[in-house]
1. Given the conditions (1) under 25 Å from residue 236 (Cα atoms); (2) of a type in the set (D, E, K, R); (3) more than 16 Å from the ligand (Cβ to nearest atom), which single one is not true for residue 131?
2. Taking the stretch 275-315 only, how many residues are farther than 17 Å from residue 336 by Cα and either of a type in the set (A, V, I, L, M) or modelled with pLDDT of 95 or more (or both)?
3. Only one of these conditions is not met by residue 231: (1) more than 24 Å from residue 353 (Cβ to Cβ); (2) among the charged types (D, E, K, R); (3) surrounded by 15 or more Cβ atoms within 10 Å (Cβ to Cβ). Which number is it?
4. Return the total of residues in the stretch 234-251 being open to solvent by less than 10 Å² (accessible area, probe 1.4 Å) and part of a strand (DSSP E or B).
5. Looking only at the stretch 332-370, how many residues end up being at pLDDT 95 or above, in a loop (DSSP other than H, G, I, E, B) and either small (Gly, Ala, Ser) or under 26 Å from residue 90 (Cα atoms) (or both)?
6. List every residue pair whose Cβ atoms sit under 6 Å apart, with the two residues 6 or more apart in sequence or on different chains, where the first one lies in the stretch 117-135 and is in contact (Cβ under 8 Å) with a residue 60 or more places away in the chain and the second, anywhere, is among the aliphatic types (A, V, I, L, M) and not in a helix (DSSP H, G or I).
7. Scan 296, 356, 360 and give me the residue that is buried (at least 20 other Cβ atoms within 10 Å of the Cβ) and within 13 Å of the ligand (Cβ to nearest atom).
Amino acid sequence: MKWVKAFAMSNARRPGRGATWRFHGPSRHGSAAADTGPIPDVTGLRAPGPACSHRRAMTAPAPAFPHRHLLGIEGLSRPDIEALLARADDAVALSRQVEKKRTTLRGRTQINLFFEPSTRTQSSFELAGKRLGADVMNMSVASSSVKKGETLIDTAATLNAMHPDIIVVRHHAAGAVHLLARKVDCAVVNAGDGAHEHPTQALLDALTIRRNKGRIEGLRIAICGDVLHSRVARSNIILLQALGARVRVIAPSTLLPTGIDRFGVEVFTDMRKGLAGCDIVMMLRLQRERMNGSFVPSVKEYFRYFGLDAEKLALAAPDALVMHPGPMNRGVEISSDIADGAQSLIREQVEMGVAVRMAVLEALAMHLPNG
Ligand code: NCD
C-alpha cells in the first residue's frame, strides 16, 4: 500500500484538495442572507438526529411524511425514512403488475430539471411521475437558457411562472437545490447536488438491502471507493446509520474527506481488512469529472488495491451482497464477473429506483394544494 501513503502526502500539500465534511450549526433555514445570496454552503452535514420534530408537533395527526421538499437525508427522522420505504415496497408491487398506473398525481405537472447528465435517475423520475399520472416534462441544460447565461434563480423564476407542482433537480453545485427550493412555490426533490446529497439513491439502496436481507439494523455495510466526491456515500452514511447499520468506509486516504471520522463510521485504507465480515459491499464510481488533478496514480493500481474482484469479495461474509449506484467503470472499481455475478444487486437497484421515486413523489403530493 506504499503508493497510497506517498500519494496522500503529496496530495496534502496541494492547494484546493481534500474537501472537508463539516458539521453544520443547528439551522440552515430562514436567514435572509442565505435566501438572497449565492448558493449556500451545504457541504458540511449535521450528524443524523431527530430533525423536524417541530413540524411534527404542529401537525396532528402526524402525516406519514411531514416535509414539503426532499432535499436530503439529513433532516429526516427514522420514521420519515421508514414511511418512504413502506410506500416504496407498495410501488414495487404495483410496478410488477401489467397495469402500473395510479392517479395520485393526475393533473399535476412535474418538471425534471437536470444540469448534469443522467440516465437512470432522470428516466426513473420520469417513469415514476408517469406511473402516478403526472404530466412530466424533462428539461436538460443542453437545451435550456442556462447555456445562454441565465442564472439558477432566473431559471427557477421562469419555471415557477409555469405553475409546476413538483420540480426534480440535479445540479453540479452542492446547495443549488436548496437555493432553488427557496425560490419556487412547488415541491422540490434533490436528484443529486454536487458532492453533497443524493437522497433518492440512498433510499433505493436501503430498500434493496432491506428486501434482500430482511433488515438494516445491525448489518455491517462497507462503502468503498471515491468517498470524497460521492453524494451517494454521504446520503447513505446518514441513512444507513439512522436505521441502525454499522457503516465502514474503505478508500485510499486521497479519496477520504477530512472530518469523515465525525460521522461515526469505521474508516479503512486497506480494502482487504475493511471488507472482513461485511454483509453488504457498496462500491462507488471513481468520479473523475469531479477531480481537479490526479487522486490515484493509475487506474490499474487503483483496481489492484481498491477494485472489487472475486478474491477481495471472498473476504466479506459468505452471503455478502454487492451494490453499485451506476454508472459503473468495469475494471476500475469493480470487475465484470462480480458486477454480473450471483451476489450482485445492481440490476435490482435500478428497479428499486423507480419504486422509491414513486414513493417520494406520492409523499410530497400529500402536501400540494388540494393534495
Ligand atoms: C450517482 C450520482 O449521480 O451521484 N449515480 C446515479 O445517480 N445513478 C453516482 C455516480 O454518478 O457515480
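The values are calculated or read from the model by the stated rules, or taken from the named source; none is laboratory data. Remember, it's a predicted structure, so these values are computed and weren't measured experimentally. Positions of Cβ are backbone-derived with ideal geometry, glycine not excepted, and every protein chain shown enters the neighbour counts. All accessible areas refer to the heavy atoms of the entire protein, side chains included, with ligands and DNA or RNA removed. Shrake-Rupley method; radii C 1.70, N 1.55, O 1.52, S 1.80 Å.
1. Exception for residue 131: condition (1).
2. Number of matching residues: 9.
3. (1)
4. Result for the stretch 234-251: 3.
5. Residues in the stretch 332-370 being at pLDDT 95 or above, in a loop (DSSP other than H, G, I, E, B) and either small (Gly, Ala, Ser) or under 26 Å from residue 90 (Cα atoms) (or both): 5 in total.
6. Sorted first by the residue in the stretch 117-135, then by its partner, the pairs are 121/191; 125/168; 129/136; 132/105; 134/105.
7. Of 296, 356, 360, the one residue that is buried (at least 20 other Cβ atoms within 10 Å of the Cβ) and within 13 Å of the ligand (Cβ to nearest atom) is 356.
Rundown of residues vs (1) within 21 Å of residue 361 (Cα to Cα); (2) in contact with a Ser or Thr (Cβ under 8 Å, 6 or more places away or on another chain); (3) in contact (Cβ under 8 Å) with a residue 60 or more places away in the chain; (4) not charged (D, E, K, R), yes/no style:
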residue	(1), (2), (3), (4)
209	no, no, yes, yes
212	no, no, yes, yes
216	no, no, no, yes
222	no, no, yes, yes
229	no, no, yes, yes
232	yes, no, yes, yes
